[in-house]
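Presented below is the structure to which this report refers.
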Amino acid sequence: MIVVFSGAGLSAESGIPTFRGAGGLWEGYKIEEVATPLGWMQNQKLVLDFYAQRFVQMQECQPNAAHFAIAELANHFDVVCITQNIDTLLEKAGVKDVWHIHGRIDYQKCEWHFGIPPMYAEWQCDYQAQINKPVQWGDLCPKCGKKLRPDVVWFGEAVDMQVDNLYKIQSQVNIFIVVGTSAQVYPAANLLKFFQDVPEKYFIDPHPNTEVLAGFTVMTGTATKHLPALVEAIKLKLI
Ligand code: NAD
């Protein structure tokens, strides 16, 4: 089994900027204002406007050669794609089963959908649905009447790590590919520890985080430069 763990760098060459190295800004916005529960409490309209822009941008962008390479890999092998990205470019490239541990831009949920693990279960609303237009200011949950918000994970919120599924696959993984992540956003970055004993590990990034590279074959450069070549090499070796 092959696990591909991706971050924002995978989609950079599709025209979706990352925010590391941009002074903590995401498309010119302060992260704490648009991607935290406190930001939501302080200015919900700003947060919704920000994600409405992301929704339109991400709908317009197309998968790049690295997304297609992952799809090609999944056509030939048992591949699990775990992504921190909220865009759906892997799906657009044809990858069927993607674990979006930070949520998806094309879903909405009730603001009382607190995520996993369930806390204060009696207060929660489990409404969640796919959307074809961004959440608008004033949109209310059809189930409980509270406000709707984008189904993305903000800093400080619980991440859907699918821990049970991770333990199910851990011993079966023989290739682990990490691409386009600073490996600084936790708990997502814990996946590098979780899969540390995988025999064959690759790390693709133009500025790889030197603190996490033990045991990896490091491919310094962009996703579109290295992933298609790596996939061809894996196919040559295993088919
Ligand atoms: P990140 O922490 O995953 O860091 C981005 C990494 O991508 C950096 O290490 C950088 O060197 C690398 N990179 C840049 N260009 C690249 C390329 N062409 N090929 C390969 N790697 C490249 O991501 P982040 O930007 O710090 O974002 C953290 C969180 O913010 C994400 O987990 C996500 O929730 C959200 N985010 C999502 C998107 C998206 O969905 N596309 C974009 C920006 C931010």
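The values are calculated or read from the model by the stated rules, or taken from the named source; none is laboratory data. Computed from a predicted structure; not experimentally measured. Neighbour counts run over all protein chains shown; Cβ positions are idealised from the backbone, glycine included.
Kindly establish whether PRO17 is surrounded by fewer than 20 Cβ atoms within 10 Å (Cβ to Cβ), closer than 23 Å to GLN162 by Cβ and at pLDDT below 95. Working first, answer last.
Working: surrounded by fewer than 20 Cβ atoms within 10 Å (Cβ to Cβ): yes; closer than 23 Å to GLN162 by Cβ: no; at pLDDT below 95: yes.
No: the conditions fail for PRO17.
Quick check: anything in the stretch 139-146 more than 14 Å from the ligand (Cβ to nearest atom), assigned to a loop (DSSP other than H, G, I, E, B), in contact with a helix residue (DSSP H, G or I) (Cβ under 9 Å, 6 or more places away or on another chain) and outside the structural domain of THR220 (by TED's automatic domain parsing)? So far as the stretch 139-146 goes, yes, one or more of its residues are more than 14 Å from the ligand (Cβ to nearest atom), assigned to a loop (DSSP other than H, G, I, E, B), in contact with a helix residue (DSSP H, G or I) (Cβ under 9 Å, 6 or more places away or on another chain) and outside the structural domain of THR220 (by TED's automatic domain parsing).
Taking ILE82, is it under 26 Å from GLN162 (Cβ atoms), buried (at least 22 other Cβ atoms within 10 Å of the Cβ) and in the same structural domain as LEU191 (by TED's automatic domain parsing)? Give the derivation first.
On the way: under 26 Å from GLN162 (Cβ atoms): yes; buried (at least 22 other Cβ atoms within 10 Å of the Cβ): no; in the same structural domain as LEU191 (by TED's automatic domain parsing): yes.
Against the criterion (under 26 Å from GLN162 (Cβ atoms), buried (at least 22 other Cβ atoms within 10 Å of the Cβ) and in the same structural domain as LEU191 (by TED's automatic domain parsing)), ILE82 does not qualify.
For the stretch 56-73, a residue qualifies if it is in contact with a strand residue (DSSP E or B) (Cβ under 7 Å, 6 or more places away or on another chain) and away from the ligand (no atom under 11 Å from the Cβ), and the qualifying residues are ILE70, LEU73. Only a single criterion out of (1) assigned by TED's automatic domain parsing to the domain that holds ASN165; (2) over 16 Å from the mean Cα position of the chain (by Cα) is not satisfied by GLU91, namely (2).
When we screen LEU38, LEU48 for residues that are modelled with pLDDT of 95 or more, in a helix (DSSP H, G or I) and of a type outside the set (D, E, K, R), the only hit is LEU48.
When residues in the stretch 180-227 are screened for being within 11 Å of the ligand (Cβ to nearest atom), among the charged types (D, E, K, R) and surrounded by fewer than 20 Cβ atoms within 10 Å (Cβ to Cβ), 1 of them pass.
For every residue, the table says whether it meets (1) more than 18 Å from the chain's Cα centre (by Cα); (2) surrounded by fewer than 17 Cβ atoms within 10 Å (Cβ to Cβ); (3) within 13 Å of the ligand (Cβ to nearest atom); (4) outside the structural domain of ALA223 (by TED's automatic domain parsing).
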{"site": "LYS30", "(1), (2), (3), (4)": "yes, yes, no, yes"}
{"site": "VAL34", "(1), (2), (3), (4)": "no, no, yes, yes"}
{"site": "PRO37", "(1), (2), (3), (4)": "yes, yes, no, yes"}
{"site": "TRP40", "(1), (2), (3), (4)": "yes, no, no, yes"}
{"site": "VAL47", "(1), (2), (3), (4)": "yes, no, no, yes"}
{"site": "PHE50", "(1), (2), (3), (4)": "no, no, yes, yes"}
{"site": "ARG54", "(1), (2), (3), (4)": "no, no, yes, yes"}
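The residue that is farthest from VAL47 (Cα to Cα), among those in the stretch 154-172 that are at pLDDT below 95 and of a type in the set (Val, Ile, Thr), is VAL163. Taken over the stretch 212-233, the criterion of being in a helix (DSSP H, G or I), aliphatic (A, V, I, L, M) and in contact with an Asp or Glu (Cβ under 9 Å, 6 or more places away or on another chain) is satisfied by ALA223, VAL231.
Results for (1) away from the ligand (no atom under 16 Å from the Cβ); (2) assigned to a loop (DSSP other than H, G, I, E, B); (3) hydrophobic (A, V, I, L, M, F, W, C); (4) modelled with pLDDT of 90 or more, shown as yes or no for each residue.
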residue	(1), (2), (3), (4)
LEU90	no, no, yes, yes
LYS109	no, no, no, yes
GLY115	no, yes, no, no
MET119	yes, yes, yes, no
LYS133	yes, yes, no, yes
